[in-house]
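The values are calculated or read from the model by the stated rules, or taken from the named source; none is laboratory data. Just so it is clear, the model here is predicted, and its values are computed rather than measured. Neighbour counts run over all protein chains shown; Cβ positions are idealised from the backbone, glycine included. Surface areas here come from the heavy atoms of the whole protein model, side chains and all, with no ligands, DNA or RNA. Shrake-Rupley method; radii C 1.70, N 1.55, O 1.52, S 1.80 Å.
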Amino acid sequence: MAEILMNTKDLSIHFGAHKAVDGVSINIEKGLFTTVLGPNGAGKTTIFNLISGLYKPTRGKVLFRGEDITKLSPIERINLGLARSFQLTNVFPTLTAYENIRLAVQAHSKIGCKLFMNFNRYIKINDKSKKILEEVLLYDKKDFIVATLSHGEQRKLELGMVLALEPEILLLDEPTAGMAIEEVPTMLDILKNTKEKGTTILLIEHKMDMVKQLSDKLIVIVNGKLLAQGDREEVANNPEVMKAYLGGGMTDGTPS
């Protein structure tokens, strides 16, 4: 069994009488690709918000390497090694793709702004920025103003900015949201390469081709509660999962 890198215990958040997340206990194993599934409104993004520190739970805990991080801020969690992307793209539209990545690399390296220092003197920062642009297949667009890039290219750029933080756990909330169908395979290739480098990934995604190709583990959330978690085929063949969420639909051992 792989090492449990992060886990939650009885994680819950209530908004008045609405129990958006209710008693969810999950384990995220080091080096594995875990996908969170569930119908719209199930509480998937809310769980991400709790894990990343944007929300404070009504009760329960978030643990990283066995340490309670429930009270830590989002920035403190990033410094520990948790980084995430969002459903809506978060980039600097008036800067170039290269400048976006370089700012993220520079922030992670804890190098502040030096007004009279030419950025070309930061050789390691610049080399790492170029490498990340290559990893997210945007090097040929490095000098383009971000506002002129396609939505899919902006999604790849945002992923590059998150990777610049060198996370131990990468939280991805629908990274292909809004992308054209022909752009999705490129994102798949980037995520495959990221997985192969040993990064632990927790994904929310509705595109089943991504789930089939990438996932080691599945977590199914319904009405704010954990319905099932475990190996992909084990969860996909769980009768309760098919009844409550999938309607009995199965393709090659994977929910569809």
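For the reader, a short list of remarks on this structure follows.
- Cβ-Cβ distance of Glu182 and Lys30, R₀ of 30 Å, FRET efficiency by 1/(1 + (r/R0)^6): the value works out to about 0.35.
- Accessible surface, the range 8-154, averaged per residue in Å² (probe 1.4 Å): 53
- The slack between Lys124 and Thr94, meaning 0.36 nm per residue of separation minus the straight C-alpha distance, is 8.4 nm.
- Per atom type, the chain shows carbon and sulfur on 54% of its accessible surface, probed at 1.4 Å.
- Each of Phe144, Phe33, Phe86 has its accessible area taken with a 1.4 Å probe; listed largest first, they run Phe144, Phe86, Phe33.
- Note on Thr194: accessible area is roughly 10 Å² with a 1.4 Å probe, heavy atoms of protein only.
- Inter-label distance for Glu67 and Ala17, nm, one decimal - labels placed 7 Å from Cα along Cα-to-Cβ: 4.2
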